[in-house]
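Novice: Have a look at this one.
The values are calculated or read from the model by the stated rules, or taken from the named source; none is laboratory data. Computed from a prediction, not measured in an experiment: that's the story for all the values here. Cβ atoms come from the backbone with ideal geometry, glycine included; neighbour counts cover every protein chain shown.
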Amino acid sequence: MGSSSRLFSGGRIDRNRPLHFRFNGRVYQGFEGDTLASALLANGVRVTARSFKYHRPRGIVGHGPEEPATLVELEGEDASGNRPATTVVLREGLSARSVNCWPSPGFDLGGVNQVLARFLPAGFYYKTFKWPNWHLFEPSIRKAAGLAAAPASPPASGHFEARHAHADVLVVGAGPAGLKGALESGRAGKRVFLADEGTEAGGSLLNRTLTIGARPAMGWVADAVAELHGMKNVTHLQNATVWAYREHNLLIVNERAPEQDSILERSWRVRAGEVVIATGATERAMVFGGNDRPGVMLASSVQAYVNRWGVAPGKRVALFTNNNSAYAVAADLAAAGIIVTAILDSRENVPPEALELVPDLPVHAATVAAGIFGHKRVRAVLAAPVSGGTPKWIRCDVLAHSGGWNPTVHLWSQSRSSLRYDEGMAAFLPDEAAQTCRAVGAAAGDLTLDQIVEGGADLPYAIEPLWRVDVPVQRGRAFLDIQNDVSVSDVHLALREGYCNVEHVKRYTTGGMGIDQGKTGNINIIGTVAMQQGLALPQVGTTTFRSPYTPVSFGAIGGLREDSVLFPYRHTPVTRWNKSNGAVMYEAGARWRRPGYFPKPGESLQEAVNRECRAVREGVGVYDGSPLGTFELKGRDVSEFLDFIYSNVMSSLKPGDGRYGLMLSDDGLILDDGVAFRLDEHRWMISTSTGHADTVNQHMEKLLQTEYPDWQVMITTVTSQWNNATICGPRAREVMQALGTDIDLSPQAFPFMSLRDGTVAGFPARVVRVSFTGELSYEVNVAPRHMAALWDKVMDAGAPFSILPVGSESNHVLRVEKGFLSLGHEVDGTIDAYDLGMGWVMSKKKPDYLGKRSVMLRRAGSATRRELVGILPEDPNQQIPEGAPLTPGGHRQATEGLVTACVWSVVNRRWVGLALLENGQARHGETAHVRLRDAVIPVTVTEPVFHDPDGPRLRS
Amino acid sequence: MLLIPCPYCGKRNESEFIHGGPVGADRPDPNAVSDAEWVDYLTVAPNPLGPVQERWWHARGCGEWLTIWRDTRTHDIVEAPDGIE
């Protein structure tokens, strides 16, 4: 542990509230109001990190979200990775450790990479793909890649939350310009949302010693905050980063310390009438040899540590600048009793108002820093005259540097608003707004307080840009991006290798791609590219600013939208009965929870399914068909509409009759299959497969609302208005009679594919004779409020016939035995009705319906079609996995089809399957081969039906 | 996230809508066009840099299929459905 660097007085910390924390296993003490970074500096910890690529020792560079060097991993209850130490608010018991080093940043075995540095230049990683062999490099690169690990588990307590908000004015940033903007809008009665990323309002004023009128500027801030808190129309959040600016003035705010303890973080989505961007400015680094050594810090950050946290980052500080702002820093340091050993200014003519601020300090004009002496901490800086005179070493333990100021235009640019380069300020400034927003204060280029608040006193800003130090005596690597270890020579290499566009330079070198997104270095990269290519900065341009502005936890983005909340399961009124009767429940399409099968104690899945299937084939079974998509269509033109959307003719049906049909999309693909029943002249009911109900609804509504608005068709979704118990099996009629009904059940009066309204078991019911099992089948539809009672009565009435409930597993077996198709199994984006052997469903009479032209067009080509066939494994006890490929002769070559389903047939007492096979309809009786990884299974190709091929049972 | 003007519900978040794609040519009489014309109708969708006419379905709202003109460069909705600003 180093000696204490805490100043005896000053700072916005509470010295009566000491806090203990751990860093890399050692215990330290800080105060309420500290960040992890300020507390480490106060404890004299100088080497706080190792760099990503070369494992060079690094210290703390900045004081806020711009921090490029010191990333930490938090441990314990707030476990999270890659947090800049400057943004971690200190609390009692905090535990953090450095990333990128083992065992510690002071002694890091990865430091050997510093010796290898010249073999790891820009693009090194990409070149490993080309030569000699990526796999040679892969293990070590994978080991080195990444920063901190993701937390092992979600936070033990608390949750994330999301909220929507509307505002007339969203003000981003509670510095002087933001507070002023919020006050003006608030006083005008507008709904104001003010969000600031810091722990307290004030922005840059927190770090400086400025005055407004005759009193400290922070007094003005306190008054402004108090006035805002008195306004009911103002929402003011601190610890809340506006990290994304999206379309139509939607901005996303990450609030990290909501008042409620149970909420870890809150994500606000704010739709704003106007956005005031008062995000301030970020100081640029200087680019010179050794500018990454621990103790080389941003000048404004040194100033912030002294003024805001009462910490002296060094005892003897030298400054290096190309602009005026560092002189105010030097004055503050001197006032705090810190020795300023030199001010190196690259400008030949330092403005007199800057010199007046530091009358007693040694200023070296036209001089640059050209090197740093010291490895794990700064011991001296090499001061080199720009004109080429003799350089000399100047002692210091901190070098504070300022390369000028960049207005923080991230959100401005995210809004797609444009930037312009300002020669005088050597920075990119907001130009044309693309949405309803404006930039104010330092974000708009007004860097000094007198430009923002009346009565504010500040040193005028002046700069002569210096994109990198370029003197012959320069020593050591000069870094442009400290986080990703990108140096000037890397950018030069990228340009030599042809990556000349600034976006390409960025990706090739990874400059600006770190967690800090190059907040301190990106403009220097642009300047370096411009210098090398002899261009002006605007010709090079900026890279694209993208969200997030600073890292956001995934939890905050997700909020409460975890699976069960976002996609709740759907249930029918039979769920409770199913569960209490031992059903294994799972999702079966469109979030419906359905019973898979009903095992008896000790029974396997296959045994249970066989038992259920035998009941349906030999006696009677019942299943809950409520999830099927059901729609009622009314209107003058329904029959014409149905003829258009189904491939077969529906309009010829008489009331009470129905027909199976295919719905195609206009590109000829099968959209859905289902049945349509005519209830009345102008009233129809159609059903769709469970999983496609929403798709079919969208399809029909789009046609009617956009392309055929003249057709009178009204669609009502009635899936949840009708529940049904489908009683199926040779004894289904007997069960219906036992239930009691006023409907004549004789096959002559109530044949297959017809519908009757009446009462069943005392309930108003609509009974439909459709069948997905191939057996005599009555689908008894009742209102949902009667469904549970109907189900009980069916089980009672069916008991003498040994009725069994049937799950979706058995449904699958029964439909495969019959060769009934299932969308998603036999139908994919290549199959048409002819391939399925269902050419009869494609009307030849109708001149036009959706999909007809496309199917005909495709079939006019000579391409080989895959057609639906049945398959019988030569070994009847051989099961074939669904989806297994068929290859010619079972050889290891291109497939000629696939197995779409394979089930144990209770009627055939063997495994049977369905498959799509090239030219399959012409190959019945032949042998085909299923090719598995380690086996070939010969199968006999058959008709795709294994039970009751002519359908007398179905129609009985 | 876009703010989409629905003629019945007013301006609503994009997350309530399903995108219905750009508005192409009207469906031709399939028996009166060549194969190439039919394939063009099915596969060539307008994709301009600038205003595009497109459809949105207010699926998690009133169910209206609506048509807007949106500038693909700026996301500005340059023309809303009738009766909406």
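Novice: Could we say that A:D516 is crowded, with 23+ Cβ neighbours inside 10 Å, of a type in the set (D, E) and part of a loop (DSSP other than H, G, I, E, B) here? Write out each step before concluding.
Specialist: On the way: crowded, with 23+ Cβ neighbours inside 10 Å: yes; of a type in the set (D, E): yes; part of a loop (DSSP other than H, G, I, E, B): yes.
Yes.
Novice: For the range B:4-20, what are the residues that are assigned to a strand (DSSP E or B) and either facing another protein chain (nearest Cβ under 9 Å) or under 14 Å from B:R60 (Cβ atoms) (or both)?
Specialist: Here is the first cut: in the range B:4-20, the ones assigned to a strand (DSSP E or B) are B:4-6, B:10-13, B:18-20.
Within the range B:4-20, B:I4, B:C6, B:K11, B:R12, B:N13, B:I18, B:H19, B:G20 qualify.
Novice: For the range A:726-754, how many residues meet the condition of being outside any helix (DSSP H, G or I) and more than 14 Å from A:L776 (Cα to Cα)?
Specialist: Narrowing the range A:726-754 to residues outside any helix (DSSP H, G or I): A:726-731, A:740-754.
Filter again for more than 14 Å from A:L776 (Cα to Cα), leaving A:740-744, A:749.
The total comes to 6.
Novice: Test A:D332 against the stated conditions and say whether it is of a type in the set (D, E) and in contact with a helix residue (DSSP H, G or I) (Cβ under 7 Å, 6 or more places away or on another chain). It would help to see each step written out before you state the result.
Specialist: Values: of a type in the set (D, E): yes; in contact with a helix residue (DSSP H, G or I) (Cβ under 7 Å, 6 or more places away or on another chain): yes.
Against the criterion (of a type in the set (D, E) and in contact with a helix residue (DSSP H, G or I) (Cβ under 7 Å, 6 or more places away or on another chain)), A:D332 qualifies.
Novice: Does B:G24 fit the bill of being facing another protein chain (nearest Cβ under 8 Å) and either in a loop (DSSP other than H, G, I, E, B) or in contact (Cβ under 8 Å) with a residue 24 or more places away in the chain (or both)? Steps first, answer last, please.
Specialist: Working: facing another protein chain (nearest Cβ under 8 Å): no; either in a loop (DSSP other than H, G, I, E, B) or in contact (Cβ under 8 Å) with a residue 24 or more places away in the chain (or both): yes.
So B:G24 fails the test.
Novice: Another question, if that's okay. Kindly evaluate A:Y778 against the criterion of being surrounded by fewer than 19 Cβ atoms within 10 Å (Cβ to Cβ), within 23 Å of A:D950 (Cα to Cα) and modelled with pLDDT of 95 or more.
Specialist: Working: surrounded by fewer than 19 Cβ atoms within 10 Å (Cβ to Cβ): no; within 23 Å of A:D950 (Cα to Cα): yes; modelled with pLDDT of 95 or more: yes.
Here the answer is no, as A:Y778 does not meet what is asked.
Novice: Now a separate question. Given (1) within 14 Å of chain B (Cβ to nearest Cβ); (2) β-branched (V, I, T); (3) in contact (Cβ under 8 Å) with a residue 24 or more places away in the chain, identify the lone condition not met by A:T726.
Specialist: Exception for A:T726: condition (1).
Novice: Scan the range A:810-817 and tell me whether some residue there is at pLDDT 95 or above, acidic (D, E) and surrounded by fewer than 15 Cβ atoms within 10 Å (Cβ to Cβ).
Specialist: First pass over the range A:810-817, keeping only residues at pLDDT 95 or above: A:810-817.
Then drop every residue that is not acidic (D, E), which leaves A:817.
Subsequent filtering for residues that are surrounded by fewer than 15 Cβ atoms within 10 Å (Cβ to Cβ) retains none.
Taking every residue of the range A:810-817 in turn, none turns out to be at pLDDT 95 or above, acidic (D, E) and surrounded by fewer than 15 Cβ atoms within 10 Å (Cβ to Cβ).
Novice: Only one of (1) outside any loop (DSSP other than H, G, I, E, B); (2) within 12 Å of chain A (Cβ to nearest Cβ) is not met by B:H75, so which one is it?
Specialist: The failed condition is (1).
Novice: Residues to consider are A:A39, A:A49; find the one that is aliphatic (A, V, I, L, M), touching a Pro at 6+ places or on another chain (Cβ under 8 Å), under 12 Å from A:F23 (Cα atoms) and touching a residue at least 12 places away in the same chain (Cβ under 8 Å).
Specialist: Numbers: A:A39 fails: touching a Pro at 6+ places or on another chain (Cβ under 8 Å).
None of the other options fit; the residue is A:A49.
Novice: So A:G10 passes all but one of these: (1) surrounded by fewer than 21 Cβ atoms within 10 Å (Cβ to Cβ); (2) over 21 Å from A:M297 (Cβ atoms). Which condition number does it fail?
Specialist: (2)
Novice: Here's another thing I want to ask about it. Can you pull out the residues in the range A:410-454 that are farther than 30 Å from B:V78 by Cβ and part of a loop (DSSP other than H, G, I, E, B)? Reasoning before the result, please.
Specialist: Within the range A:410-454, the subset farther than 30 Å from B:V78 by Cβ is A:421-427, A:441-442, A:445-454.
If the condition is that a residue be farther than 30 Å from B:V78 by Cβ and part of a loop (DSSP other than H, G, I, E, B), then A:E423, A:G424, A:M425, A:A426, A:G445, A:D446, A:L447, A:T448, A:I452, A:V453, A:E454 are the ones that fit.
Novice: Can you find, within the range A:904-925, the residue that is nearest to the chain's Cα centre (by Cα) among those that are surrounded by fewer than 16 Cβ atoms within 10 Å (Cβ to Cβ) and under 18 Å from A:I880 (Cα atoms)?
Specialist: A:R910
Novice: Restricting attention to the range A:520-575, which residues are β-branched (V, I, T), buried (at least 16 other Cβ atoms within 10 Å of the Cβ) and assigned to a loop (DSSP other than H, G, I, E, B)?
Specialist: Taking the range A:520-575 and keeping what is β-branched (V, I, T), we get A:520, A:523, A:525-526, A:528-529, A:540, A:542-544, A:550, A:552, A:557, A:565, A:572, A:574-575.
Remaining after also requiring buried (at least 16 other Cβ atoms within 10 Å of the Cβ): A:520, A:523, A:525-526, A:528-529, A:540, A:542-543, A:550, A:552, A:557, A:572, A:574-575.
Listed by number, the residues that qualify are A:T520, A:T542, A:T543, A:T550, A:V552, A:T572, A:V574.
Novice: Filter the range A:245-257 down to the residues that are in a loop (DSSP other than H, G, I, E, B) and either surrounded by 17 or more Cβ atoms within 10 Å (Cβ to Cβ) or within 14 Å of another protein chain (Cβ to nearest Cβ) (or both) and list them by number.
Specialist: From the range A:245-257, those in a loop (DSSP other than H, G, I, E, B) are A:246, A:256-257; that's our starting set.
Matches in the range A:245-257: A:R246, A:R256.
Novice: Continuing with the same structure: Restricting to the range A:832-878, name every residue that is of a type in the set (A, V, I, L, M, F, W, C), within 14 Å of another protein chain (Cβ to nearest Cβ) and surrounded by fewer than 18 Cβ atoms within 10 Å (Cβ to Cβ).
Specialist: Listed by number, the residues that qualify are A:M856, A:L857, A:A860.
Novice: Looking at the range A:775-821 only, could you name the residues that are part of a helix (DSSP H, G or I), more than 14 Å from A:C613 (Cβ to Cβ) and touching a helix residue (DSSP H, G or I) at 6+ places or on another chain (Cβ under 8 Å)?
Specialist: Looking only at the range A:775-821, we keep the residues that are part of a helix (DSSP H, G or I), and these are A:784-801, A:808-818.
Pick out the ones that are also more than 14 Å from A:C613 (Cβ to Cβ) and you get A:784-801.
Selection gives A:A788, A:W791, A:D792, A:K793, A:V794, A:A797, A:G798, A:P800, A:F801.
Novice: Next question. Considering every residue within the range A:606-614, establish whether at least one is among the basic types (K, R), surrounded by 14 or more Cβ atoms within 10 Å (Cβ to Cβ) and closer than 22 Å to A:V770 by Cα.
Specialist: First, the residues of the range A:606-614 that are among the basic types (K, R): A:611, A:614.
From the residues that got through so far, the ones that are surrounded by 14 or more Cβ atoms within 10 Å (Cβ to Cβ) too are A:611, A:614.
Pick out the ones that are also closer than 22 Å to A:V770 by Cα and you get A:614.
Checking the range A:606-614: at least one residue is among the basic types (K, R), surrounded by 14 or more Cβ atoms within 10 Å (Cβ to Cβ) and closer than 22 Å to A:V770 by Cα.
Novice: Only one of A:G596, A:G589 is within 29 Å of A:T572 (Cα to Cα), of a type outside the set (S, T, N, Q), in a loop (DSSP other than H, G, I, E, B) and in contact with a Gly (Cβ under 9 Å, 6 or more places away or on another chain). Can you tell me which? Lay out the reasoning, then the answer.
Specialist: On the way: A:G596 fails: in a loop (DSSP other than H, G, I, E, B).
None of the other options fit; the residue is A:G589.
Novice: Here is a further query. Sort out which residues of the range B:27-62 are in a loop (DSSP other than H, G, I, E, B) and more than 25 Å from B:E79 (Cα to Cα), and write them in order of number. Before the answer, list the steps.
Specialist: Pass one, the range B:27-62, residues in a loop (DSSP other than H, G, I, E, B): B:27-34, B:44-50, B:58-62.
Across the range B:27-62, the qualifying residues are B:P28, B:D29, B:P30, B:N31, B:A32, B:V33, B:S34.
Novice: Return a yes/no flag: does the range A:607-615 have any residue that is over 22 Å from A:D792 (Cβ atoms), of a type outside the set (S, T, N, Q) and not in a helix (DSSP H, G or I).
Specialist: Checked the range A:607-615: no residue is over 22 Å from A:D792 (Cβ atoms), of a type outside the set (S, T, N, Q) and not in a helix (DSSP H, G or I).
Novice: Quickly run through the range A:835-867 and pick out the residues that are under 42 Å from the mean Cα position of the chain (by Cα), part of a loop (DSSP other than H, G, I, E, B) and more than 24 Å from A:A884 (Cβ to Cβ).
Specialist: Result: A:Y849, A:L850, A:G851.
Novice: Okay, next question. In the range A:824-856, which residue that is within 24 Å of A:G870 (Cα to Cα) and acidic (D, E) is modelled with the lowest pLDDT?
Specialist: The extreme case among them is A:D828.
Novice: Out of all the residues in the range A:465-476, is one or more surrounded by fewer than 18 Cβ atoms within 10 Å (Cβ to Cβ), over 30 Å from A:R271 (Cα atoms) and small (G, A, S)?
Specialist: Keep residues of the range A:465-476 that are surrounded by fewer than 18 Cβ atoms within 10 Å (Cβ to Cβ), which gives A:470, A:472-473, A:475-476.
Checking which are over 30 Å from A:R271 (Cα atoms) leaves us with A:470, A:472-473, A:475-476.
Remaining after also requiring small (G, A, S): A:476.
Yes, there is a match, as at least one residue in the range A:465-476 is surrounded by fewer than 18 Cβ atoms within 10 Å (Cβ to Cβ), over 30 Å from A:R271 (Cα atoms) and small (G, A, S).
Novice: Would you call A:F772 surrounded by 15 or more Cβ atoms within 10 Å (Cβ to Cβ), modelled with pLDDT of 95 or more and either more than 30 Å from B:W56 (Cβ to Cβ) or under 44 Å from the mean Cα position of the chain (by Cα) (or both)? Reasoning before the result, please.
Specialist: Working: surrounded by 15 or more Cβ atoms within 10 Å (Cβ to Cβ): yes; modelled with pLDDT of 95 or more: no; either more than 30 Å from B:W56 (Cβ to Cβ) or under 44 Å from the mean Cα position of the chain (by Cα) (or both): yes.
Criteria not met by A:F772.
Novice: Of everything in the range A:650-669 that's at pLDDT 95 or above and hydrophobic (A, V, I, L, M, F, W, C), which residue is surrounded by the fewest Cβ atoms within 10 Å (Cβ to Cβ)?
Specialist: A:L653
Novice: In the set A:G219, A:G175, which member is of a type in the set (G, A, S) and touching a residue at least 24 places away in the same chain (Cβ under 8 Å)?
Specialist: Numbers: A:G219 fails: touching a residue at least 24 places away in the same chain (Cβ under 8 Å).
Sole residue among the options that is of a type in the set (G, A, S) and touching a residue at least 24 places away in the same chain (Cβ under 8 Å): A:G175.
Novice: Collect the residues in the range A:677-721 that are surrounded by fewer than 17 Cβ atoms within 10 Å (Cβ to Cβ), assigned to a helix (DSSP H, G or I) and in contact (Cβ under 8 Å) with a residue 12 or more places away in the chain, keeping them in residue-number order.
Specialist: Matches in the range A:677-721: A:D694 only.
Novice: Just give me the residues in the range B:28-72 being out of contact with any strand residue (DSSP E or B) (no Cβ under 8 Å at 6 or more places or on another chain) and facing chain A (nearest Cβ under 7 Å), in sequence order. It would help to see each step written out before you state the result.
Specialist: First, pick out the residues of the range B:28-72 that are out of contact with any strand residue (DSSP E or B) (no Cβ under 8 Å at 6 or more places or on another chain): B:28-44, B:48-49, B:60.
Those that are out of contact with any strand residue (DSSP E or B) (no Cβ under 8 Å at 6 or more places or on another chain) and facing chain A (nearest Cβ under 7 Å): B:P30, B:N31, B:D35, B:W38, B:L42.
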